[in-house]
Amino acid sequence: NDQRMEKFELKAWVHVPKSFGVVGLTKTILRSFNSSADGEDLDPLICRLQEKLTSKKFLLVLDDVWTGNEECWERILLPLNRGSSESKIVVTTRETQVALFMKSDHQVPLQRLEENYCWSLFVKHAFQGKNEFEYPELQSIGKKILEKCGGLPLAVKTLGNLLQRKFSQDEWFKILETDMWHVSE
């Protein structure tokens, strides 16, 4: 709903899986731009993407890029050069190496959330409109859960959603005690 978005003729948001192939990701990008992505041969897919973007001002978000080999990314990004010079490609990643091989000209390292913002975000999702003060025993467990999140908004939101409408101490303790979701740096 941001007015700045209106200046782009085409907009797409693509979540990039940890493991991907050039053909599969090219097809995902095409579909995100509402274009057909039939076939398994890369060359026609690249041509279709080039045709779709030629001279158009587009915004493409490649979200959560973990890795990839530089040659793969060059093949994926090459057809994107056909768009208008005012087009933007935004890449989100946890790995600085990704920004390097993407040849990023601008990096914005995100800071971790402060404790009070973490708590507000968690309460919004876990209690979903209920008054958290009615559940003092859950508040103390929730604050311990947040310590494990390390200030990462996605972890906070995910755990809040996981605990949504669950108001038993046992369920919250299970989440607190589990080791399966340790947040990495």
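Straight-line cross-link partners of Lys27 among the aspartates and glutamates, defined as a Cα under 12 Å from its Cα and at least 8 positions apart when in the same chain: Asp38, Glu40, Asp41, Asp43.
In order along the stretch 87-102, phi translates into HN-Hα couplings of 5, 10, 10, 10, 10, 9, 7, 9, 10, 5, 4, 4, 4, 5, 6, 7 Hz, rounded to whole numbers, per the Karplus curve 6.51 cos²θ - 1.76 cosθ + 1.60 with θ = phi - 60° and x for Gly and Pro. Charges were assigned to the Cβ only: +1 to each Lys and Arg, -1 to each Asp and Glu. The resulting dipole of the chain about its Cα centre is roughly 500 debye. Here the alpha carbons of the stretch 60-166 define both size measures, Rg and Dmax, at 19.1, 57 Å. Counting only DSSP H runs of at least 4 residues, each contributing -39500 (n - 2.57), and dividing by the residue count of the chain, the helix-based mean residue ellipticity at 222 nm comes to -13000 deg cm²/dmol. Calculated on the Cα set of the chain, radius of gyration then Dmax: 20.7, 60 Å.
Here the contact order of the stretch 3-102, divided by its residue count and restricted to Cα pairs under 8 Å and six or more residues apart, works out to 32 percent. Each residue of the stretch 7-23 is assigned a 3J(HN,Hα), and the resulting list reads 6, 8, 5, 10, 9, 8, 10, 10, 7, 9, x, 3, 10, 8, x, 4, 4 Hz, derived from the Karplus form 6.51 cos²θ - 1.76 cosθ + 1.60 (θ = phi - 60°), x at Gly and Pro. Look at the alpha carbon pairs under 8 Å that are at least 6 residues apart: their mean separation over the length of the stretch 115-177 gives a relative contact order of 47 percent. Rounded to 0.05, the FRET efficiency of the Ser36 and Leu78 pair, given R0 = 25 Å and the Cβ-Cβ distance, is 0.80.
No lab work stands behind these numbers, since they all come straight from the coordinates. Bear in mind the structure is a predicted one, so any value in this text is a computation, not a measurement. Here the Cβ is made from the backbone with ideal geometry for all residues, glycine too, and neighbour counts use every protein chain on show.
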